[in-house]
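Shown next, in C-alpha cells, is the structure this report addresses.
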C-alpha cells in the first residue's frame, strides 16, 4: 500500500500551484502583447505620415542687399486619418560644394503668389511675370484632403555669390515628436549666373528637368 504523507501532499500542491502560476503569467504576457499591438496599430492609423516633394523649378533674384530664393514644395499625405499634421517651420540651407564661401543664413520671409502683369508689358518674362505678398510665414496643417503648396520666399543678407555646385536641403519642422522631413537637392551656379544675379534686378529660373541641361539632377539655369 502506498502511503501519502502530509508532506508529500504539500509538495504536490506546490507543484500544481507553480504550474498554474506559470500558465497565468504566460496568458497575461500574451494579453499585454495583444494590447500593445492593438495600440500600435491604432497609432499608425491615426498618424497621417506626411511627405514632401520638391518642385522641378526654383527662382532666384537679387533682392536689395540680399538674395531671395523662391520654392514651392508640395506637402501631403496619402492616408486618410482622423489626425492632422501641423508643420511649424520650413528651413532652407545651401552650402558651397567646396566650402569656397561661408554658408548663407536663409529665413522664411513670406509666402507669395506669382502673376502676369498685363498692365505694364515689357516683352521680358522676367518682368512681366512677378510676385506679390500672399501671407506671412506661419504654421500650416495638412490632411489627405488638404495638401499644401506654399510658394515660399527665402531671403538671405549674407550670401557671397560664387560659382560652383551647392548642396541644399529643405527641412519641414513638425509639431509632433516625429523626425523633421528633409529633402536634399543640389544647385549649380555658373560664373555667368553669378554676374547676372549681381547686376540684373530680374529673377532667374533654375530647373532639374531641362533636356541637355540635367547636371546630375541639380537645379541649373534655364533660359
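Rule-based calculations on the coordinates, nothing more; no lab input. It should be emphasised that the depicted structure is a prediction, and the values quoted were computed from it without experimental measurement. Cβ atoms come from the backbone with ideal geometry, glycine included; neighbour counts cover every protein chain shown.
Spin-label model, residue 182/residue 145: points 7 Å from Cα along the beta carbon direction are separated by 3.5 nm. Note: relative contact order over the stretch 51-222, using C-alpha pairs below 8 Å and six or more positions apart, is 30 percent. Residues 96, 118, ranked from the fewest to the most other C-beta atoms within 10 Å, line up as 118, 96.
Multiplying the residue separation of residue 89 and residue 209 by 0.36 nm and removing their Cα-Cα distance gives an extension gain of 40.4 nm.
With the alpha-carbon atoms of the stretch 51-222 aligned to their principal axes, the span from lowest to highest coordinate is 50, 44, 33 Å, starting with the largest. The modelled label-to-label distance between residue 101 and residue 136, using points 7 Å beyond Cα along the C-beta direction, is 3.1 nm. The Rg/Rh ratio of the stretch 49-112, with both radii computed over alpha carbons and Rh defined as the Kirkwood radius, is 1.05. Annotation: for a label point projected 7 angstrom from Cα along Cα→Cβ of residue 158, residues of the stretch 67-92 with backbone N closer than 19 Å are 67-69, 91-92.
Ordering 146, 86 by the number of other Cβ atoms within 10 Å of each residue's own Cβ, fewest first, gives 146, 86.
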